[in-house]
Amino acid sequence: MTLEAVLDVVGAILILIGASFTLTAAIGLVRLPDVLNRMHAASKPQSLGFLLLCLGLAFVLREGSATAMLAVAAGLQLVTAPVATQMMAKAAHRTKQYRADLVVDDADREADADGRDEDDATR
């Protein structure tokens, strides 16, 4: 077996694994019950799946320009996914769109103990 054939097989396996992680993330977005649970499906398996897809494509294509473009796309994914997840979590917390039995918010407890209302605690 030649080196090119081995790289093609490794690339195909990485692409299949990445696609399965991305599919799992999509199913999680549809099936999970609330925003905080969906937030994990939107960031963790989707990011890993995308990185594996990029790595698999780099093995299959084996061109410098394609690999550079895939590296840029992977880097942007690693930068933007955590920021988007953080913004989703903040929006869900501010609008109270989460299951209260799953979240313990110490900031709200401190605000209630001090006699301040919630708006004062978030400022």
Task: Sites Val83 and Arg31 - FRET efficiency at Förster radius 30 Å, r taken between beta-carbons, to 0.05 - done: 0.75
TODO: Give the calculated FRET efficiency between Arg99 and Ala19 to the nearest 0.05, with a Förster radius of 35 Å applied to their Cβ-Cβ distance.
DONE: 0.70
Open item on the list: I'd like the Karplus ³J(HN,Hα) series for region 45-59: coefficients 6.51, -1.76, 1.60, θ = phi - 60°, whole numbers in Hz, and an x wherever there's a Gly or Pro.
Closed with: x, 5, 5, 5, x, 5, 5, 5, 4, 5, 5, x, 5, 5, 5
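Each value in this text was obtained by applying a stated rule to the coordinates, not by laboratory testing. What you see is a predicted model; the values in this text were computed from it and never measured. Ideal geometry is used to build each Cβ from the backbone, glycine not excepted, and the neighbour counts take in all protein chains shown.
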